[in-house]
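The values are calculated or read from the model by the stated rules, or taken from the named source; none is laboratory data. Owing to the predicted nature of the structure, the values given are computational and were not obtained by experimental measurement. In this analysis, Cβ positions are derived from the backbone assuming ideal geometry, glycine residues included, and neighbour counts consider all displayed protein chains. Note: accessible area is taken over every heavy atom of the protein model, side chains too, but ligands, DNA and RNA are not part of it. Shrake-Rupley method; radii C 1.70, N 1.55, O 1.52, S 1.80 Å.
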Amino acid sequence: MRIKSHPILGDIPKRKLVKIEVDGRTIEAFEGEPIAAALLAAGIKVFRRTVKRREPRGLFCTIGQCTDCMMTVNGMPNVRTCITPVEEGMEISTQIGRGERS
Amino acid sequence: MDAEVAVVGAGPAGLSASIEAARLGAKIVLIDENGKPGGQLFKQIHKFFGSMEHLAGLRGYDIGNKLWQRAMELKINVMLNTTVFGIFGDKTLGLLTTMGSEILRAQRIILATGGSENTIAFPGWTLPGVMGAGAAQTLINVHRVLPGKRILMVGSGNVGLIVSYQLLQAGAEVVALVEAAPKIGGYRVHAAKIQRAGVPIMVSHTVKRAHGRDYVEAATIVRVDDDLKMIPGTEKTFDVDTICLAVGLTPLSELAWMSGCKFIFVPTLGGHVPIHNEDLETTVEGIYVAGDIAGIEEASIAMEEGRLAGIAAAESLGYAREEATKLKKEIKERVQQLRRGPFGEDRYLAKQRIMKVAPR
Amino acid sequence: MNGEIAPTKAITLEELRNTPGFPSEKRLSLGRVAVIECPEEIPCNPCEFACPKEAIKIGQPITNLPQLIEERCDGCGICIPSCPGLAIFVVDLTYSKTQALVEFPHEFLPLPKDGQEVDATDRHGKVLTKGEVVKVRNPKGYNSTPVISLAVPRRYANEVRGILGGVRIG
Ligand SMILES: Cc1cc2nc3c(=O)[nH]c(=O)nc-3n(C[C@H](O)[C@H](O)[C@H](O)COP(=O)(O)OP(=O)(O)OC[C@H]3O[C@@H](n4cnc5c(N)ncnc54)[C@H](O)[C@@H]3O)c2cc1C
Ligand code: SF4
Ligand code: SF4
Ligand code: FES
């Protein structure tokens, strides 16, 4: 959910809207924002599933340290979405395990 | 690349260190892995407590901007988006930039890398929706996205109190704040802000588990006794979609370990702290620490320690010898004032302990 | 949350009266005056620098409790937005025959309008009474800490410290 107005920070700054694809679904995102922020804004919380038990993982640290937020981006697995900026037309998918093709 | 002084971390400590050392004439390279300078400051939207000498009363990001401007006026060489991944041999730093890796040789190093957030484990803690309080803060204040609508905050230090308040400002509901200790850890003025907004602060309580299949849907809290043991039968479960952990910071000290600095364990200051003397020099000659890496404290102190380390490093290179003694004395007096009262006293004593074992 | 286990109490009026930032009964009865609810020795002093009448003293060390020099204070309210603890209020017991004026910082959206009737809350966010917004001030110098002046029945003057609001999604 976007914070459109804010008592201290004012209205949300205008940025360029682009489209990205997440597991086949198209969502809108701001160019340059972290992928993870765009996903949360669209209500998507599960970013990957663990190797063995397929447990869900999502955003945890937002500073690139914990690797919980890794997804497959444009075919590349293990991309930390909390520190990777959105680009027009990105194809993102929930990563299963280490990102081996399923 | 070469530098007289390499400063790692552009938070309040690193910026202040660079400014002082540059002002005295030393040639600085200031490095931060973030794209924005300011460290913790750039996501802090509250007015900072502290002394007016340290720009208190301004909002955190404005303090960061002020320091940044000053650094720019002094034409300090800054490398953002650059991680220091190692320190080797005699003060050689390995840098990872967006272009690749690079080597920086320095005569003095000031480590001002700040702290990292602690976590606690409980059943369900890996579910999406459980996150660090700092993570939530970055989301709401920098990226302008709410992590959820109904939040349980864990931890009543100033970070937990302030981030709760900021979550309210961002439009979320903070359902409760739990604190395992029998009393609120942070300042009562910060607690009062969220109490006035109706947030219940539950001391002697902790989170027992997070519920949900794919993400957090509810949380159970439980009362704990004086030994922090859970008391069966006191559980309470309520709907939340986010659990924020504000359970302390630990000095981010890998680079100090790598450099061979000796450490001391000081719980009051967040754990293992590189041993340092009054001038913030570690057990490795020419390597200094300042700010949260030298013990988790506050921005005012981070700035003063930064200044002190900056001056000491410049002085050791032969700059401003006469001025340095006087400047350092003034700073030490101010720091001593800041470490008073019921919150500062313990930290004062802890710092004394560290300095006692430090080389002169 | 409901249940038997009570949340931690906010600071009480009795505790506050024992701090040097709280004005005397006598001074309160004379009209507009600052009420400083800052009960711990924390390293903080912007309030001291904000007051143009030098009516707040902290001095050295910086951890001293803020002291209100009540005869100097005219209740101008400049100190309210300067305080990072949002711990300073202005109370005017002489506002009208039946009402007192309480002024407090309010950093939430939406801001109420002048003249609006709102729910006035206490130090726990509990609704005590209705209040009338007399004025919302938010000049640039306040740096995004708006100050609300609220008229409430006089007996609530020392209890009302805010209004409902702040929970607002999106
Ligand atoms: C929610 C919250 C509220 C706070 N409120 C207040 C307040 O009101 N008043 C107050 O006085 N204090 C407050 N503080 C504390 C204050 O923010 C910190 O004490 C202060 O920021 C510490 O400064 P620092 O420079 O040591 O570290 P930081 O500000 O953490 O900066 C460290 C910098 O180092 C960089 N870095 C780390 N490792 C590397 C590496 N290997 N390579 C390159 N760069 C690296 C990081 O990117 C970061 O920018 C608050 C803290 C928090 C979390
Ligand atoms: S109300 Fe005005 S005069 Fe009174 S303490 Fe505050 S700033 Fe000073
Ligand atoms: S500015 Fe506010 S929090 Fe700081 S000392 Fe003054 S009253 Fe207390
Ligand atoms: S959330 Fe931790 S690395 Fe991205």
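Among the conditions (1) more than 15 Å from B:Ala197 (Cβ to Cβ); (2) in contact with a strand residue (DSSP E or B) (Cβ under 6 Å, 6 or more places away or on another chain); (3) within 14 Å of chain B (Cβ to nearest Cβ), the only one that C:Lys140 does not satisfy is (2).
Can you tell me which residues in the stretch C:87-120 are open to solvent by 10 Å² or more (accessible area, probe 1.4 Å) and within 13 Å of ligand 3 (Cβ to nearest atom)? Result: C:Pro105, single match. Taken together, B:Arg196, B:Arg150 contain a single residue that is within 22 Å of C:Val127 (Cα to Cα), more than 16 Å from ligand 1 (Cβ to nearest atom) and buried (at least 22 other Cβ atoms within 10 Å of the Cβ), which is B:Arg196. Specify the residue that is nearest to B:Gly186 (Cα to Cα); the eligible residues are those in the stretch C:36-88 that are more than 11 Å from chain B (Cβ to nearest Cβ) and more than 9 Å from ligand 2 (Cβ to nearest atom). Here the residue is C:Gln67. Assessment of the stretch A:86-101 against the conditions (away from chain B (no Cβ under 13 Å), under 21 Å from B:Lys36 (Cα atoms), at pLDDT 95 or above and away from ligand 1 (no atom under 16 Å from the Cβ)) yields at least one matching residue. The residues of the stretch B:213-230 that are within 28 Å of C:Gly125 (Cβ to Cβ) and open to solvent by less than 70 Å² (accessible area, probe 1.4 Å), listed by number, are B:Val216, B:Ala218, B:Ala219, B:Thr220, B:Ile221, B:Val222, B:Val224. Within the stretch C:32-49, which residues are within 24 Å of B:Val335 (Cβ to Cβ) and among the hydrophobic types (A, V, I, L, M, F, W, C)? If the condition is that a residue be within 24 Å of B:Val335 (Cβ to Cβ) and among the hydrophobic types (A, V, I, L, M, F, W, C), then C:Cys38, C:Ile42, C:Cys44, C:Cys47, C:Phe49 are the ones that fit.
Taking the criterion of being within 14 Å of chain C (Cβ to nearest Cβ), open to solvent by 40 Å² or more (accessible area, probe 1.4 Å) and in contact (Cβ under 8 Å) with a residue 40 or more places away in the chain, the only residue of the stretch B:231-266 that qualifies is B:Asp239. I need the full set of residues from the stretch B:48-60 which are open to solvent by 10 Å² or more (accessible area, probe 1.4 Å) and within 7 Å of chain C (Cβ to nearest Cβ), in order please. Once the filter is applied, which keeps residues that are open to solvent by 10 Å² or more (accessible area, probe 1.4 Å) and within 7 Å of chain C (Cβ to nearest Cβ), the stretch B:48-60 yields B:Phe48, B:Phe49, B:Met52, B:Gly57.
The residue list C:Thr129, C:Thr94 contains one member that is more than 12 Å from chain B (Cβ to nearest Cβ), touching a helix residue (DSSP H, G or I) at 6+ places or on another chain (Cβ under 6 Å) and more than 16 Å from ligand 1 (Cβ to nearest atom), which is C:Thr129. If you go through the stretch A:1-21 and keep only what is outside any strand (DSSP E or B), more than 8 Å from chain B (Cβ to nearest Cβ) and open to solvent by less than 50 Å² (accessible area, probe 1.4 Å), you end up with A:Ser5, A:Gly10.
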